[in-house]
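Colleague: Dropping a structure here in C-alpha cells format, bear with me for questions.
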Amino acid sequence: MSESSPGPTPGFLVWRLANKWRVAVDRAVAPLGLTHAQYSLVASLYGMQRCGERPSQRRLADHTGLEALYVSKLARALESTGVIERTRDPHDPRAVQLTLTQHGQAVTRQAIAVVQELLRQLLQPLGGLDSPRTHAFTEELTTLLNAPLAPSVPNDESTQGTP
C-alpha cells in the first residue's frame, strides 16, 4: 500500500490477480500433464502453427514474454512427454524450431477449452468475455504491458563507482 492511498496499490492488485490466475490455470491443466507455464508455451505454439508459423524457441520466448532459457527448459520437458518436437532450423543451425506433435495438438486443444472456461468465470463480474468492460479492461492491460519498465537505480554514493 502507498502512503497516499488507504487501499491496495495497483501493483499489488496486478500481482494478486496474476497469482490467482496462475494458480487456477495450474490446477485446471494439471490433469492434462501441464503446468501454467507449459500451457502458455503450447497454447502460443498452437496459435502460431495454425497461422503457418514454425517458430524458434527465441521467437516463442519473445511472443510469450518468457525468458529464452526458461522456454528451452520447458521445451525439453514437453519434448520428453511427447507434446512437442524440437528440431534444428535448416536456415540457422544455432536455432531450434518447435512443433506440436499430434498428441501435443490434442492435449493443447483440451487445455485451451479448460482455460477458456476459467477465463469466462474470471471475466463474469465484468459482464463476460464480450462485454464493453472486458474490452476496456483488455485495452488497459495492453497499455500497461506495452509501457517500458526499467529498474531505477538509487543515486547515492553507496551505489556509485569511485573515480
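The values are calculated or read from the model by the stated rules, or taken from the named source; none is laboratory data. These numbers were taken from a predicted model, which means no experiment stands behind them. Cβ sites come from the backbone with ideal geometry, for glycine too, and all protein chains shown count toward neighbours. In case anyone asks, the SASA skips ligands and DNA or RNA and just uses the protein heavy atoms, side chains included. Shrake-Rupley method; radii C 1.70, N 1.55, O 1.52, S 1.80 Å.
Colleague: Name the residues in region 22-44 that are of a type in the set (Gly, Ala, Ser), touching a residue at least 40 places away in the same chain (Cβ under 8 Å) and either surrounded by fewer than 16 Cβ atoms within 10 Å (Cβ to Cβ) or over 18 Å from residue 106 (Cβ atoms) (or both), would you? Break it down stepwise before answering.
Modeller: Going through region 22-44, the residues of a type in the set (Gly, Ala, Ser) turn out to be 24, 28, 30, 33, 37, 40, 43-44.
Then drop every residue that is not touching a residue at least 40 places away in the same chain (Cβ under 8 Å), which leaves 24, 28, 33, 43.
Within region 22-44, 24, 33 qualify.
Colleague: Can you find even one residue in region 77-84 that is at pLDDT 95 or above, of a type in the set (Ser, Thr, Tyr) and open to solvent by less than 60 Å² (accessible area, probe 1.4 Å)? Walk me through it before giving the result.
Modeller: As a first pass, look at region 77-84 and keep what is at pLDDT 95 or above: 77-84.
Among the residues that remain, those that are also of a type in the set (Ser, Thr, Tyr) are: 80-81.
Narrowing the set further to residues that are open to solvent by less than 60 Å² (accessible area, probe 1.4 Å) leaves none.
Within region 77-84 (the criterion being at pLDDT 95 or above, of a type in the set (Ser, Thr, Tyr) and open to solvent by less than 60 Å² (accessible area, probe 1.4 Å)), the answer is no, since none of the residues qualifies.
Colleague: Pairs only if they're at least six apart or on different chains, beta carbon under 8 angstrom, first in region 139-153 and over 15 Å from residue 11 (Cα atoms), second open to solvent by less than 100 Å² (accessible area, probe 1.4 Å); list them, first residue then second.
Modeller: 153/159
Colleague: Shifting gears a bit: Please state which of the following conditions residue 54 fails to meet, knowing it meets all the rest: (1) part of a loop (DSSP other than H, G, I, E, B); (2) under 14 Å from the mean Cα position of the chain (by Cα); (3) of a type outside the set (A, V, I, L, M).
Modeller: So residue 54 meets the others, but not (2).
Colleague: Another question, then. Looking at (1) modelled with pLDDT under 95; (2) touching a Lys or Arg at 6+ places or on another chain (Cβ under 7 Å); (3) under 22 Å from residue 141 (Cα atoms), which one does residue 36 not meet, given that it meets all the others?
Modeller: (1)
Colleague: If you don't mind, another one. Does region 53-75 contain any residue that is out of contact with any Cys (no Cβ under 6 Å at 6 or more places or on another chain), hydroxyl-bearing (Ser, Thr, Tyr), more than 28 Å from residue 99 (Cβ to Cβ) and open to solvent by less than 90 Å² (accessible area, probe 1.4 Å)?
Modeller: Residues of region 53-75 out of contact with any Cys (no Cβ under 6 Å at 6 or more places or on another chain): 53-75.
So of that shortlist, the ones also hydroxyl-bearing (Ser, Thr, Tyr) come out as 56, 64, 70, 72.
Right, trim to more than 28 Å from residue 99 (Cβ to Cβ) and you get none.
The answer is no; no qualifying residue exists.
Colleague: Identify the residue in region 130-148 that is open to solvent by 100 Å² or more (accessible area, probe 1.4 Å) and not aliphatic (A, V, I, L, M) and, among all such residues, is nearest to residue 65 (Cα to Cα).
Modeller: Once the filter is applied, the top-ranked residue is 146.
Colleague: Give me the pairs, please: first residue somewhere in region 51-76 and within 21 Å of residue 146 (Cβ to Cβ), second residue anywhere and among the acidic types (Asp, Glu) and surrounded by 14 or more Cβ atoms within 10 Å (Cβ to Cβ), beta-carbon distance under 9 Å, and either six or more positions apart or on two chains.
Modeller: Listed pairs, sorted by first residue: 59/53.
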